[in-house]
Amino acid sequence: MLKLEGAVIRKGGFDLSADLEIAPGAKVAVIGPSGAGKSTLLEAIAGFQPLARGRVLWSGVDLSGVLPGKRPVAMLFQDGNLFPHLSARQNVRLGVEANRKLTSAEEARVAEALQRVGLKGLDDRRPAELSGGQQSRAALARVLVQSRDLLLLDEPFAALGPALKAEMLDLVAELAAESGATLLMVSHDPADARRIADQVVLVAEGRAHPPAATAAVLDNPPPALRAYLGAG
């Protein structure tokens, strides 16, 4: 279980508080107005943003002092963070190890991840030689080979067209279900939340609220979310 216990995240002059629990294997959309702190919440869970107060726990273990690379977290950012001078396969290898030659078993893991995301035969291409959707797939494969318990997505498919974005969301949901990973996904689009998430964490007015059923939140949004969505 992921637990934020009395957590306060301070970024610049902004404070975000969080007291919530997310069950293992849950698929959660993190939604709320622009600038409310959705990405900041994920950054704190991943360890990129320190807590001013409180704790982040996974399975009862306090992660608050654990470096990002040592946490059970894989994070996929909006731009994918692919290295332009490396091939798709080389980029995915970085998810396993950056500083040494991979074992044959690890190379097989990389090949399997590339195949799983639909890039078999394209693994020698550099990002500039891939379409936007293929770049997203390569970034997802790099996350996949990390085999972490927590998968955090910070709007990685926002630049894709509707059909391709839906395809990528379905792939993420499928991969998370296969691995049993707990998924948290920042989104500005309620349709994304309805498509992929069982629950929603609303971030608004300085607080990350405990998860609630997706349909319940989006069918009857609270005032802060209603104003953002332009609903009634």
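The values are calculated or read from the model by the stated rules, or taken from the named source; none is laboratory data. Computed from a predicted structure; not experimentally measured. Cβ coordinates were reconstructed from backbone atoms using ideal geometry, including for glycine residues, and neighbour counts include every protein chain displayed. Surface areas here come from the heavy atoms of the whole protein model, side chains and all, with no ligands, DNA or RNA. Shrake-Rupley method; radii C 1.70, N 1.55, O 1.52, S 1.80 Å.
Here's the picture: charge each Lys and Arg Cβ at +1 and each Asp and Glu Cβ at -1 in segment 1-156, and of Phe48, Leu102, Ala18 the one pushed furthest to the positive end of that dipole is Leu102. Pairs of Lys residues in segment 10-147, spaced 8 or more positions apart or belonging to different chains, with C-alpha separations under 25 angstrom: 7 in total.
For segment 103-224, the relative contact order comes to 18 percent (Cα pairs under 8 Å, sequence separation of at least 6). Considering segment 47-122 at the alpha-carbon level, its Rg and Dmax are found to be 15.8, 48 Å. Note on Leu130: accessible area approximately 10 square angstrom, rounded to 10, probe 1.4 Å, nucleic acids and ligands left out.
Choose one answer from Ser64, Ser104, Ser17: the residue with the largest mean-square fluctuation in a GNM of the chain with alpha-carbon springs under 10 Å. For the chain, modelled as a Gaussian network with Cα springs under 10 Å, the answer is Ser104.
Around Leu20, with a cut-off of 10 angstrom between Cβ atoms, what is the net charge of the other residues, counting Lys and Arg +1 and Asp and Glu -1? Within the 10 Å Cβ shell, the charges total -1. Span-like helix check, the chain: no full DSSP H segment qualifies, none having both a Cα axial length of 27 Å or more and a mean Kyte-Doolittle of 0.0 or more.
Semi-axis lengths, largest first, of the ellipsoid equivalent to segment 1-143 are 32, 17, 14 Å, with √(5λ) applied to each eigenvalue of the Cα gyration tensor. Each Cα pair under 8 Å and six or more residues apart adds its sequence gap; the mean of these over the residue count of segment 37-141 is a relative contact order of 26 percent. Positive contributions from Lys and Arg (+1) and negative ones from Asp and Glu (-1), summed over other residues with Cβ under 14 Å from the Cβ of Asp154, come out at -4.
Think of it as helices only: each DSSP H run of n ≥ 4 in the chain is worth -39500 (n - 2.57), and spread over all residues that comes to -10000 deg cm²/dmol at 222 nm.
Taking all protein chains together and rolling a 1.4 Å probe, Met1 ends up with roughly 80 Å² accessible.
Note that segment 101-230 presents 47 Å² accessible area per residue, ligands and nucleic acids not counted, probe 1.4 Å. Size descriptors for segment 91-232 (Cα atoms only): Rg and Dmax, in that order, 17.4, 57 Å.
For segment 5-47, the solvent-accessible area with a 1.4 angstrom probe is 33 square angstrom per residue.
Note on segment 1-64: Cα Rg divided by 2.2 N^0.38 Å, N the number of residues, gives 1.06. Where both bridge residues fall in the chain, DSSP classifies roughly 50% of the beta bridges as antiparallel.
Electrostatic bookkeeping for Lys165 treats Lys and Arg as +1 and Asp and Glu as -1; over the other residues with beta carbon under 11 Å from its beta carbon, the sum is -4.
Counting only protein heavy atoms and a 1.4 Å probe, tell me what percentage of segment 126-181's accessible area is made up of carbon and sulfur. That share works out to 48 percent.
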